[in-house]
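Step one of this worksheet: look at the structure below.
The values are calculated or read from the model by the stated rules, or taken from the named source; none is laboratory data. Everything quoted here is computed from the prediction, not taken from an experiment. We place every Cβ from the backbone using ideal geometry, glycine too, and count neighbours over all the protein chains shown.
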Amino acid sequence: MLRQVRDYFYLSWRAIWERKGRTIGSIVGIVISVLALGTALGIGNGFYTMFVKTFASTFGVNTIYVIPQRGTYLTDVDIILLSRLPYVEMVAPVVFTTGIIDVGGKPRVIYIVGASSKTLPRLLGATSLNSVILEGKPVLAPGTALVGFYVAFSPTTLTQHIYPGQRVIVQLPGGRYLELTVSGILKPTQITPYGNPNIAVFVDYKTFFTLVQRKRTYNLAIVYVSKTSKINFVENLIKKYFPQFEVFSPEIAIRTFEQFVFALETFLTVLASVGILIVGLWMFDTMTISVVQRTREIGILKAIGFTRRQVFTMILIEAVVVSLIGIAIGILLLLPLSGAPLLPLGPAFAIRVLLTPEIVAMVALTPLIANIIATIIPAYRAARITPLEALRAE
C-alpha cells in the first residue's frame, strides 16, 4: 500500500514538472489566493480584536451606564436604589464640569470630576487608588485634589508644572474660582466615557457639591455587575424600574459589533474567493490540457494494468501536489504579516492582520478543496481513456 502511494506521488510529481509553465502559473495563483483570503480574514479578526480590546478597556465588560435624558437627573436616591438591585456589585455616580487652570503660565481647559476614594479607582479602571498615583498621596479629602497627568505635565514637552502639596486655582463656569491643594498626581491612563482623566482634576463629592455645583445631581451612574452573564438581566431591571433614564451596556454593543464584523469578514472573504475561483478555473484548464496531451501515456498505463480508479487518483494527486506547494508558500508569506499594523488609525491604534489557527486552516483548506473539485472532471475523463483511444491519438 505504501509503495503504491509512493508511486502515485512519483508519477504525479514527474507529470506536473513536464509542463513547468502551467505548473508555476498555478502555484503563483494559489499563493496569491492564499494571501488574499488570509489577509481578508486576518483584517476582520484584527479589526474585531482592536475594537473589543479598546471598547472593553474604556467602558468595562461588566458595566451598565445609566444616563439621564433631557429634563431628568440622577439623585442620591436613584444611586441607592440602583445599588440594591440583584447582582449589582457597586454603583459609581459621576458628576463633572469644565474649568480653566493656569499651567506653566498658559490657561488650560480641564474637567473637574467629583469622586470618592472608593469610586475613583473604578472610574480609572484600577483596583486601588494607590495603583494609579504617580506622585504624592492617594488622598481625596475636602479641599484637596488629585490631578491628571497632562494637567501636571506639559503634553508636548512633558515638563512638570504642578507638584504634590502645591496650591492651584481653578476657574469655574460663571467666573467663580476654586482653590485646591494637590494631594497627588495620577499616572497616564486611558480615555473614559466621561472624558479624558489625564486632563482632569478630581475632587471629593463634598467639595464638588459645596464649591462647584450646589445641586446634588449626577451626570451619569456606572453600575458594576458581579457576573457578566447577568448583565442582560440587570439591564432589563434598570429599564423597568427607571424608564426615565437611558441605559447603555457595552456588552450588548460588543455583541452587535460582532454581527457587523461577521458581515465585513463575509464581504472580504467573498472578494478574496474570486481569486480562488479563478485559480480553480485555471486548474481545470491546466488539467484538461494535461489529460489531452498525455492521452498516449494514460493509454499505456491502462494497457499495463492501471485501473480507472488508479488513473483518476493519479490525476487528483497532481492537483493536490500543486495545491500543497502553493498553499505552503502562501502561508509562509502570510505568517510574517500576523500582528503587523496594516492601517494606522492614530498613535495608539492600528488595524492589524491577526491570524488564528482556525483562519490558517481555512486558508489552507479552501483552495485545496476548490482545486480538487476543479480537477474531478479532467480526472474522470482521463480515467475513461482506453488503449485504443491512445493509439488513435497517435
Positions within segment 169-189 being small (Gly, Ala, Ser) and either modelled with pLDDT under 90 or not assigned by TED's automatic domain parsing to the domain that holds THR97 (or both), in sequence order: GLY174, GLY175
Could you please find all residues in segment 206-230 being small (Gly, Ala, Ser) and assigned to a loop (DSSP other than H, G, I, E, B)? SER226
May I ask you to verify whether ILE222 is surrounded by 15 or more Cβ atoms within 10 Å (Cβ to Cβ) and more than 33 Å from the chain's Cα centre (by Cα)? no
Screening GLU265, GLU318, GLU258 for residues that are buried (at least 18 other Cβ atoms within 10 Å of the Cβ) and modelled with pLDDT under 75 leaves only GLU265
Can you tell me which residue in segment 277-301 is farthest from ALA379 (Cα to Cα), limited to those that are touching a helix residue (DSSP H, G or I) at 6+ places or on another chain (Cβ under 6 Å) and among the aliphatic types (A, V, I, L, M)? VAL279
So the check is Cβ under 6 Å with 6+ separation or different chains; which pairs have a first residue in segment 44-56 that's in the same structural domain as LEU354 (by TED's automatic domain parsing) and crowded, with 16+ Cβ neighbours inside 10 Å and a second one that's at pLDDT 65 or above and not in a helix (DSSP H, G or I)? ASN45/LEU354; GLY46/ILE351; GLY46/ARG352; GLY46/VAL353; GLY46/LEU354; PHE47/ILE351
State yes or no: is GLU251 among the acidic types (Asp, Glu), in a helix (DSSP H, G or I) and either modelled with pLDDT of 90 or more or surrounded by 13 or more Cβ atoms within 10 Å (Cβ to Cβ) (or both)? yes
Scan the strands (runs of 3 or more DSSP E) fully inside segment 63-168 and keep the ones with 1 or more residues being more than 37 Å from the chain's Cα centre (by Cα) and at pLDDT below 90. 88-103, 106-115
